[in-house]
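Reviewing the structure listed below.
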Amino acid sequence: MTIAPQAGASRGFEPTTGDALLEATGLGWSEAEGRSGSGADFDWAQSGAMWLSGEPDAPPRLAPAPLATRAAEGLDRLHRLAPGGGFDRIDGAALLGERAAIFGFERQGDVSPSGSCRLLRASDGWLALNLARPDDVASLPAWLEAEWGDARDAWELARRGVALRTQADLLERARLLSLPVAPASRVNPPPINPDWPTSPSPWCRVVRCAVPGVRRSVRRIRVVDLSSLWAGPLCSQLLAVAGAEVVKVESRKRPDGARSGPAAFFDLLNAGKRSVALDFDAPDGVRALWGLLDSADVVVESARPRALGQFGIDANDWVRSHPGAVWLSITGWGREDGALPRVAFGDDAAVGAGLAVATGSEQRPLFCGDAIADPLAGIHAALAILVSLELGGGHLLDVALRDGVADLLDGAGLFDEAGSLNEAGSVTKSRVEASGEGWQVVHGNQRVPVLPPRTRVPSQAARPLGLDTGTVLESLSKPC
């Protein structure tokens, strides 16, 4: 059922980066973002993410790179591309702390604010292990080649077993078991595709798979959202703010895992989207999925390529066969991460970028924010899509959780070529002081309070699972 590629459709199109797309529209990042300074520190203090960074019994940590500033500037660029969409009412920096505000998370040092991810010491360095799913806990004995024995819980078993093995061994075995594990040391992954640009960590990799089509307004497009959890749904929610019609597609048997959490978080990311639920084990469900993809102008997904490949779906071929359309893929480490891609979530992906080492030290890494790679990826992804549409589409966009954070750390000059911390990078003269019952960031005579996480309030609840399946599928059979 794979769409046949058009002869020569991809020839002559060179891979590029998200920065190049932004520059083509005159929306490049500001020069002030390169190094952390008072403005970036104040953005961080007020984002809610600083509240979640560092040790629980110590002052919250300043960010080693302008993470909150990038989020705020991302929303500014979205507003410039879709000026009537309501982006001027969204505090981009505050998006970094929204989940923590809803869940009531706090900073916990070497434990992520959510508690699902921890920094553990292997025999030769630190790594992050994320036990976000029941299957991850079940995989521990196989990963460590150890029995539960007298271990009181999964984390005690993990701590004991990790201490006996090297990082390389643990990372290789984690990949085989689809276990979300990342090194805390900064190692740039080797380029698998030699055609990619040489930039070490572009926040978005781009391939134009077809000639551009006619520029289309976001208010006249349909987005089919196959993603789940945080980054992908945030991306499509921002597109909905811009005026796009968004159809959220879920498996009836395995719907978006965020549905099982607090309704306030799921509503925040999915209110206003139409809900379609399909049985992907049935031929009718797969045919319906193909029909939805054929109706889409933009596809957002967060699956490993082989997951969609089992239905005969190839992103490159889809873009070639849909002039002016855009396919956005969000993964942990990128679509080019080999035949057996690594699994990642926001916390471990950020650690893999070097953020925990840069926030703490190589001897004592610390978590920075709550799964911060997720909201950054969601903002980057929405921006990449709007820029692609501005340029006529025809792009396959590859956004990796890890690379969005790594790009900012690289820009701040935090690591040398060997991956060691560079003390000359990202120097800030700001300091953190106690203030009443809280904290403040002080730079010169300026003082800014460190704010706790806060969240937007959705205007409505998200649609129940599958509520719009019948009407959406029926519309596919009607002539335009």
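The values are calculated or read from the model by the stated rules, or taken from the named source; none is laboratory data. Just so we're clear, the structure is a prediction, and the values are computed from it rather than from any experiment. Cβ coordinates were reconstructed from backbone atoms using ideal geometry, including for glycine residues, and neighbour counts include every protein chain displayed.
Which of the residues spanning the stretch 404-460 are among the polar types (S, T, N, Q) and touching a Leu at 6+ places or on another chain (Cβ under 8 Å)? Spell out how you get there, then give the answer.
Just the residues of the stretch 404-460 that are among the polar types (S, T, N, Q), to begin with: 420, 422, 426, 428, 430, 435, 440, 445-446, 455, 459-460.
Matches in the stretch 404-460: N422, S426, T428, S430, T455.
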*Exactly one of (1) under 28 Å from A100 (Cβ atoms); (2) touching a residue at least 60 places away in the same chain (Cβ under 8 Å); (3) buried (at least 23 other Cβ atoms within 10 Å of the Cβ) is unmet by F266. Its number?*
(3)
*Tell me which residues, restricted to the stretch 338-376, are surrounded by fewer than 24 Cβ atoms within 10 Å (Cβ to Cβ) and assigned to a helix (DSSP H, G or I).*
T359
*What is the residue count in the stretch 121-140 for residues that are surrounded by fewer than 20 Cβ atoms within 10 Å (Cβ to Cβ) and either in the same structural domain as A350 (by TED's automatic domain parsing) or within 29 Å of the chain's Cα centre (by Cα) (or both)?*
9
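If you check D347 against the conditions, is it closer than 27 Å to R121 by Cα, of a type in the set (D, E) and either in contact with a Lys or Arg (Cβ under 8 Å, 6 or more places away or on another chain) or not assigned by TED's automatic domain parsing to the domain that holds S459 (or both)? Spell out the reasoning first.
Numbers: closer than 27 Å to R121 by Cα: yes; of a type in the set (D, E): yes; either in contact with a Lys or Arg (Cβ under 8 Å, 6 or more places away or on another chain) or not assigned by TED's automatic domain parsing to the domain that holds S459 (or both): no.
Taking the combined requirement at face value, the residue does not satisfy it.
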*Please state which of the following conditions S388 fails to meet, knowing it meets all the rest: (1) out of contact with any Asp or Glu (no Cβ under 8 Å at 6 or more places or on another chain); (2) in a loop (DSSP other than H, G, I, E, B); (3) surrounded by 24 or more Cβ atoms within 10 Å (Cβ to Cβ).*
(2)
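Residues are listed down the side, and each one gets a yes or a no for (1) in contact with a strand residue (DSSP E or B) (Cβ under 7 Å, 6 or more places away or on another chain); (2) on the phi > 0 side of the Ramachandran plot:
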position	(1), (2)
W318	yes, no
L328	yes, no
G334	yes, yes
L355	no, no
E362	yes, no
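Looking at V472, V432, V448, V441, which one is of a type outside the set (G, A, S), closer than 30 Å to G291 by Cα, touching a helix residue (DSSP H, G or I) at 6+ places or on another chain (Cβ under 9 Å) and not in a loop (DSSP other than H, G, I, E, B)? Lay out the reasoning, then the answer.
Values: V432 fails: closer than 30 Å to G291 by Cα; V448 fails: closer than 30 Å to G291 by Cα; V441 fails: closer than 30 Å to G291 by Cα.
None of the others qualify; the one that does is V472.
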*Residues that are in contact with a Phe, Trp or Tyr (Cβ under 8 Å, 6 or more places away or on another chain) and farther than 23 Å from A101 by Cα, drawn from the stretch 346-357*: G352, G354, V357
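May I ask you to list the residues in the stretch 63-89 that are surrounded by fewer than 19 Cβ atoms within 10 Å (Cβ to Cβ) and either free of Cβ contacts under 8 Å to residues at least 12 places away in the same chain or within 23 Å of A40 (Cα to Cα) (or both)?
We begin by selecting, within the stretch 63-89, every residue surrounded by fewer than 19 Cβ atoms within 10 Å (Cβ to Cβ); these are 76, 80, 83-84, 86, 88-89.
Scanning the stretch 63-89 gives D76, R80, P83, D88, R89.
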